[in-house]
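One structure below.
Nothing in this text is a laboratory measurement; each read-out follows from the coordinates by a stated rule. What you see is a predicted model, and the numbers here were worked out from it, not measured in a lab. Positions of Cβ are generated from backbone atoms using ideal geometry, with glycine treated the same way; all protein chains shown enter the neighbour counts.
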Amino acid sequence: MNGKADAVVVGSGPNGLAAALRLAAAGLRVQVLEQADRPGGGMRTEELTRPGYRHDVCSTVQPMAAAAPFFREFDLPSRGVRLVQPEISYAHPLDGGRAAVSRRSLEETAAGLGTDAAAYRRLFEPLVEHGTDVIDFFLTSRLRRPPTKSAPQIVHFALNGLPNVRWLARRYFDTTEGQALLAGAAAHGMLDLARPLTASLGMLLGMLAHHVGWPLVEGGSQALADAMVAALEEQGGEVVTGHEVTDLREFEGVPAVLLDTTPRAFVAMAGDRVNEGYKKWVSRYKHGPGVFKVDWVLSEPVPWTNAEVRRAGTIHIAGTLEETLAGEAAPAHGRLTDKPYVLAVQPTVVDPTRAPEGGHIFWAYVHVPHGSDGDMTEAIENQVERFAPGFRDTVVERVTKNAVQMEAWNPNHVGGDISNGEASFRQMLARPVPRWNTYKTPVPGTYLASAATPPGPAVHGQCGDNAARVALREVFGVRKVPPLRPPAR
Ligand SMILES: Cc1cc2nc3c(=O)[nH]c(=O)nc-3n(C[C@H](O)[C@H](O)[C@H](O)COP(=O)(O)OP(=O)(O)OC[C@H]3O[C@@H](n4cnc5c(N)ncnc54)[C@H](O)[C@@H]3O)c2cc1C
């Protein structure tokens, strides 16, 4: 970029790019600086194993991108980004060839739960009918949350979502299937499932399966990142890769700096420009368990015993509610377990373009203690074998990343924590520090814009968009939010 930018964004994850696009919509000159050699952060797709096999290194399943206000306005189809839907959003295999499955249709999902059908409808129907309002309420910044037309549904969500998922699963469901289906979705949150608020993620993700589905981006999540970069470049913005930012003094004279980083990275970059009080709060901000991930090339699709699981995009592998609770309690309390909760995705079942013709990819991760360098390959493959005997015979190649390698790959994954800070009750109320406007930092013109701010992790772009709106108002005096620019024809 010739001359100084009006705004610099550090980090090109979904939040960094969303922030950049909102700033560019106001006519500002925006530069994004990214330490990696490719933009996208958690949306990167790489040939991790063999040429032509496109593995999403992080996010693959994109219900948030389908539902979030930022991406609805960005309008994925108009940017050439195609979402492809699995026939079954997520499946939870059980012993004896049984499985609980979530389909796009709430009615069909409920019907599959036998005696729990009415309870499933009672829990999810109010949310699905008001899906857009519910999503907008929880993803929009509390600084500008509009009055909702769906207050009773929000209250229904809050009352059921505030407790832990063990309580909610037992309160609503009697069948092993109903209980496991809810707990499997809630376990995405990387918390001990006996903790408060864990029910909320089970409800939110369960609701999204019927509201927008659990789609994948055709060709890999990188296509979404590339579309965001292209949109920025059309407006004169630029993304510079291979540029790690370590000191905010690099930006003398730049009016606004937005950080798609950890809060700790901000404190390190700011040095003595940050007061002791803020530093103390950041030092108390907790990063939770890490992740151990395996990416495979397979000779054929995973041979799940249950035929419906073969058609699912996402699979939650743990067994019953009790086994899921135990699988998640272990990493939260600093232990590795040989019976982990495994979160798996079979991309080529949904999107065959990700591998050469007839090729198959598959990935799975487990939660592990913070900073663990333990190898969970065998535990993961044992869990898959339990519900898909013969799985190991299909493995052609595998690559793994432990929690330490996760952080080396992306500095936002401290100790392997892919949530950029535990999504606990306390840290969701005050993320990352107890202030009303948590995007603001003590350094004038510098804002936090990553998943360490509300509404937290996942590919929705809302943290970045929220932070950019604050910067536009405070630094540039822009009160009327500029709409995102449509694609150039
Ligand atoms: C294995 C895995 C699977 C996941 N699956 C899903 C999923 O299916 N669906 C979903 O919605 N979410 C998923 N997530 C979570 C999702 O990827 C994140 O919540 C999301 O990417 C967070 O976005 P972000 O912009 O805040 O940060 P990131 O996407 O982490 O981007 C931050 C960027 O900033 C860069 N950066 C950091 N510090 C600096 C610095 N000092 N200088 C320059 N650059 C810097 C990093 O290199 C990175 O590119 C997954 C994550 C992982 C790891």
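Working from Cα positions, state the angle (0 to 90°, nearest 10) between the long axis of helix 198-211 and the longest principal axis of the chain.
The helix 198-211 is inclined about 90 degrees to the chain.
Would you mind listing how long the chain runs along its three principal axes, going by Cα atoms, in whole Å with the largest first?
For the chain, the Cα extents along the three principal axes come out at 65, 51, 47 Å.
So for the stretch 164-206, what are the equivalent ellipsoid semi-axes in whole Å, largest first, each being the square root of 5 times an eigenvalue of the Cα gyration tensor? Write out the running numbers ahead of the final one.
Details: eigenvalues 44, 22, 13 Å².
After scaling each eigenvalue by five and taking roots: 15, 10, 8 Å.
Taking the Cα centroid of the stretch 79-108 and of the stretch 270-293, what is the distance between the two, rounded to the nearest whole Å?
Computed from Cα coordinates, the inter-centre distance equals 37 Å.
Using Cα atoms only, what is the angle between the long axis of helix 176-186 and the major principal axis of the chain, expressed in degrees (0 to 90) to the nearest 10?
Approximately 20 degrees, to the nearest 10.
Do any of 286/401; 279/339; 149/279; 149/440; 149/480; 286/339 go past 32 Å between their Cα atoms, and which? Walk me through the numbers on the way to the answer.
Numbers: 286/401 22 Å; 279/339 38 Å; 149/279 39 Å; 149/440 29 Å; 149/480 23 Å; 286/339 26 Å.
From the list (286/401; 279/339; 149/279; 149/440; 149/480; 286/339), the Cα-Cα distance tops 32 Å for 279/339; 149/279.
Cα centroids of the stretch 335-384 and the stretch 151-222: how far apart, whole angstrom?
What the calculation gives is 21 Å, centre to centre.
Could you work out the helix-only [θ] at 222 nm for the chain, with each DSSP H run of four or more residues adding -39,500 (n - 2.57) and the total divided by the number of residues, to the nearest 500 deg cm²/dmol? Show your work: numbers first, answer last.
Working: 19 runs with 179 residues, N = 489.
It comes out at -10500 deg cm²/dmol, rounded to the nearest 500.
Report, to two decimal places, the Cα Rg of the stretch 1-112 normalised by 2.2 N^0.38 Å (N = number of residues).
Numbers: Rg = 19.1 Å, N = 112, 2.2 N^0.38 = 13.2 Å.
With N residues counted in the stretch 1-112, Rg over 2.2 N^0.38 Å equals 1.45.
Out of every Cα-Cα pair in the stretch 1-67, what percent are more than 19 Å apart? Please report the intermediate quantities before stating the final value.
Numbers: 999 of 2211 pairs.
So the pairs more than 19 Å apart make up 45 percent of the total in the stretch 1-67.
For the stretch 219-225, what does the Karplus curve 6.51 cos²θ - 1.76 cosθ + 1.60, with θ = phi - 60°, yield as ³J(HN,Hα) per residue in whole Hz, taken in order and with x for Gly and Pro?
x, x, 5, 3, 4, 5, 4
Would you please give the residues with an amide H less than 5 Å from that of residue 58, counting only those at least 5 places away or on a separate chain, with H modeled from the backbone geometry?
The list, which skips near neighbours in sequence, is 44.
Beyond 24 Å, what share of the Cα-Cα pairs of the stretch 215-367 remains, rounded to the nearest whole percent?
60 percent
Could you pull the Cα extents of the stretch 48-152 along its three principal axes, largest to smallest, in whole Å?
Each principal axis gives a Cα extent; for the stretch 48-152 these are 50, 48, 22 Å.
With just the Cα atoms defining each centre, how far is the stretch 1-60 from the stretch 393-457? Give it in Å.
If we compute the Cα centre of each part, the gap is 16 Å.
Semi-axes of the equivalent ellipsoid of the stretch 97-197: what are they in whole Å, largest first, if each equals the square root of 5 times a C-alpha gyration tensor eigenvalue? Mind showing how you got there, number by number?
Details: eigenvalues 125, 56, 27 Å².
With the √(5λ) rule applied to the stretch 97-197, the semi-axes are 25, 17, 12 Å.
Considering every pair of different Cα atoms, what Kirkwood radius, in Å, is found for the stretch 125-275?
Working: mean 1/r = 0.0521 Å⁻¹.
Hydrodynamic radius (Kirkwood, Cα only) of the stretch 125-275 equals 19.2 Å.
If packing is taken as the average number of other Cβ atoms within 10 Å across a peptide's residues, how do 440-453, 35-48 rank, most packed first? Kindly include the intermediate steps, with their values, before the conclusion.
Numbers: 440-453: 23.9, 35-48: 20.2.
Taking the mean over residues of other Cβ atoms within 10 Å, the ranking is 440-453, 35-48.
Output the direction-averaged projected area (hull surface divided by four) of the convex hull of the alpha-carbon atoms of the stretch 250-325, in nm².
Working: hull surface 41.8 nm².
Average of the hull's projected areas for the stretch 250-325 equals 10.4 nm².
Given 5 Å bins starting at zero, what is the percent of C-alpha pairs of the stretch 427-489 in each, up to the one with the largest pair distance?
Histogram of Cα-Cα distances, whole percents per bin: 4, 18, 24, 23, 16, 10, 4, 1, 1.
With a Cα-only, solvent-free Debye model of the stretch 348-489, what are the log10 I(q)/I(0) values at q = 0.10, 0.11, 0.13, 0.15 Å⁻¹?
Treating every Cα as an identical point scatterer, log10 I(q)/I(0) equals -0.57, -0.66, -0.83, -0.95.
Take the Cα radius of gyration of the stretch 326-401 and divide it by 2.2 N^0.38 Å, with N its residue count; two decimals is plenty. Display every interim value, and only then the final one.
Working: Rg = 13.9 Å, N = 76, 2.2 N^0.38 = 11.4 Å.
In units of the 2.2 N^0.38 Å rule of thumb, it is 1.22.
What's the angle, to the nearest 10 degrees (0 to 90), between helix 151-161's Cα axis and the longest principal axis of the chain?
The answer is roughly 60 degrees.
Rg to Rh ratio, the stretch 224-288, alpha-carbon atoms and Kirkwood radius? Each step should come with its number before you reach the end.
Details: Rg = 15.1 Å, Rh = 14.2 Å.
Taking Rg over the Kirkwood Rh, I get 1.06.
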